[in-house]
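Take a look at the structure below.
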Ligand code: ADP
Ligand code: ZN
């Protein structure tokens with residue numbers, strides 16, 4: 001039995017020598033010591049928080065092999081390659097493997113020559129893999145992306161439900177489950193389903209201070225996206241999320257036509273194309289991935305500078321997870337969402353027509369409502385997000401659109417009454433239901449063909465809304481839908497009243513609305529780095545030149561090794577090297593991110609590059 005002190009010492013040594021980091025971040029040390037000492041843990045940490053070390057270091061400290069259960073088959077090779085460049089003995093078992101390679105990995109495991117073994121959850125269900133694990137020594141089980149066990153979540157994997165066998169077959173082996181999904185409901189579900197109720201829970205702050213949150217009114221989404229990319233993220237890598245496969249294809253083409261290198265990713269593409277596009281996104285600099293939410297889980301590219309949503313996410317959980325893929329390196333990044341009336345109509349329609357029982361639809365609606373509340377808030381977005389995840393926060397973060405360009409709230413009660421009575425009159429007097437466009441035309445007093453055809457100019461509400469512009473009326477409809485004071489129904493998404501509408505029509509309640517600031521936030525890029533991450537030093541011209549030289553060297557080295565560039569060294573590490581200009585291997589080893597193995601492998605090349613520049 002190793003004493004707590006030695007476990008701590010050994011963990012610290014591994015951190016420095018293998019990973020090249022000086023200090024633990026946040027709760028890493030406590031988690032690592034707990035698991036290395038044989039305890040079970042449930043770890044909730046935001047993306048980029050540093051979850052991997054929480055199981056990798058205990059696996060290195062404890063005798064035997066750490067077995068990592070991960071649904072991310074397509075990323076296992078990359079994860080294993082990254083560990084091998086650190087000098088960690090890693091391997092994986094999944095269905096994509098050649099039999100010979102599989103046998104070799106199995107032999108290494110039984111011979112005790114693996115520090116870490118990645119296994120797909122479906123593999124663990126098979127007798128063969130279980131038998132294999134019994135033939136070797138398991139140091140710990142790490143259950144990555146543990147929210148996949150949640151049946152309510154959109155990442156549900158049935159195979160995760162079988163993971164309780166770990167506890168039954170290896171009662172003495174510690175288990176650590178990790179996820180970036182934060183709600184307490186999901187946490188409870190994970191603990192119950194994985195039989196981790198006795199485990200220690202570690203919940204980190206979910207704040208991602210380096211991400212700037214912005215939600216803009218959707219007008220001409222393509223033009224808005226292009227402007228955003230050109231003005232703020234020229235040359236940056238990022239992800240653009242769209243709801244449908246068709247819009248993914250369309251937007252990717254549109255960006256390419258406009259000179260922005262972009263690739264599509266959705267479940268309709270064949271596996272080969274998907275893998276190739278993912279691999280290019282990870283390996284090449286400055287690519288934009290246009291994708292459905294099928295893309296992104298486990299993508300550990302640290303320098304994704306923006307995540308843009310062209311369609312409304314279905315839940316705050318989804319939004320937070322997707323936007324969380326930006327800025328894992330702690331450097332300033334943007335989460336940008338364009339949101340409009342049509343999004344609300346579409347999502348409400350989808351819920352209405354979704355399969356599943358009433359409880360299921362109600363659950364979907366509750367998730368959408370929380371997302372809509374985030375879009376329509378006049379408060380700090382970050383404060384609202386953190387409140388959703390049950391975490392205290394400052395009332396104003398200074399790094400979201402509402403903090404940077406505060407929107408006004410205005411009393412929209414009269415406008416709401418005008419709109420609702422238009423819907424009411426159409427329904428009562430004419431027995432008709434129309435979409436938002438027709439009601440707005442009536443309020444504005446427009447004599448369109450459709451207005452004339454249905455004699456809507458004869459309605460008493462015709463023209464009573466001329467005090468607001470069309471765009472403003474769309475905002476009114478959107479916010480009434482968001483607040484549940486109006487509903488859409490049917491295939492065409494026609495407007496209809498809800499039980500709550502009556503109280504507005506009877507003047508029993510006020511309706512406060514958000515007025516978009518005249519000049520929507522094109523916010524200054526706040527230079528806030530997340531805690532623990534090395535802040536980006538603003539490089540002076542000489543250092544910037546050296547940094548570019550180092551990047552060139554890294555690109556060549558990455559190509560030769562067939563690895564993503566960031567696996568060799570992160571930008572943050574190269575920046576520090578460019579500033580410090582170490583003259584010896586010993587000096588180089590003091591830089592964060594330079595462990596022993598990388599020093600031996602690349603140290604001399606870095607020094608040569610420095611000498612030549
Ligand atoms: P997560 O899995 O929680 O999203 P990762 O484990 O990928 O996060 O870590 C995010 C980044 O932070 C990685 O690049 C990792 O190398 C780095 N990192 C983690 N822990 C530390 C630390 N103690 N010091 C410096 N960098 C760290
Ligand atoms: Zn804010």
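Coordinate-derived values only; no laboratory data. Computed from a predicted model, the values in this text were never measured in an experiment. Here the Cβ is made from the backbone with ideal geometry for all residues, glycine too, and neighbour counts use every protein chain on show.
Overview of results
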quantity	calculated
Rounded if a/c under 1.5, otherwise prolate or oblate - the stretch 151-236, Cα gyration tensor axes	prolate
Among 348-357, 398-407, 56-65, the order from most to least packed when residues are scored by Cβ within 10 Å on average	56-65, 398-407, 348-357
Residues 478, 361, sorted so that the one with the fewest Cβ neighbours within 10 Å comes first	361, 478
Cα centroid separation - the stretch 300-352 against the stretch 262-281, whole Å	20
For a label point 7 Å along the Cα-to-beta-carbon line of residue 408, residues of the stretch 468-502 with backbone N under 20 Å	468-480
Fewest-first sequence of 336, 553, 170 by Cβ atoms within 10 Å of each Cβ	170, 553, 336
Whole-Å distance, taken between Cα centres, linking the stretch 387-437 and the stretch 27-74	44
Whether the stretch 4-203 is rounded, prolate or oblate, judged on the alpha carbon gyration tensor where a/c under 1.5 counts as rounded	rounded
Kirkwood hydrodynamic radius over Cα pairs of the stretch 1-90, then Stokes diffusion coefficient at 37 °C and 0.692 mPa s, in µm²/s	239
For 211, 299, order by how many other beta-carbon atoms lie within 10 Å, fewest first	299, 211
In degrees, nearest ten, helix 221-232 long axis to first principal axis of the chain (Cα)	50
Rounded to 10°, Cα long-axis angle of helix 413-430 versus longest principal axis of the chain	60
Volume per residue that the Cα convex hull of the stretch 211-407 spans, once the total is divided by residue count, Å³	127
Kirkwood-Stokes translational diffusion coefficient of the stretch 272-350, alpha-carbon pairs, 25 °C, 0.890 mPa s, µm²/s	179
Acute angle (nearest 10 degrees) that the helix 4-17 long axis makes with the longest principal axis of the chain, alpha-carbon atoms	80
Ratio of the Cα radius of gyration of the stretch 407-514 to 2.2 N^0.38 Å, where N counts its residues	0.99
Whole-angstrom gap from the stretch 76-110 to the stretch 126-172, using each part's C-alpha centre	18
Rg to Rh quotient for the chain, alpha carbon positions, Kirkwood Rh	1.02
Relative contact order of the stretch 541-612, pairs being alpha-carbon contacts under 8 Å that are 6 or more residues apart, as %	33
Computed [θ] at 222 nm, deg cm²/dmol, the chain (DSSP H ≥ 4; -39,500 (n - 2.57); rounded to nearest 500)	-14000 deg cm²/dmol
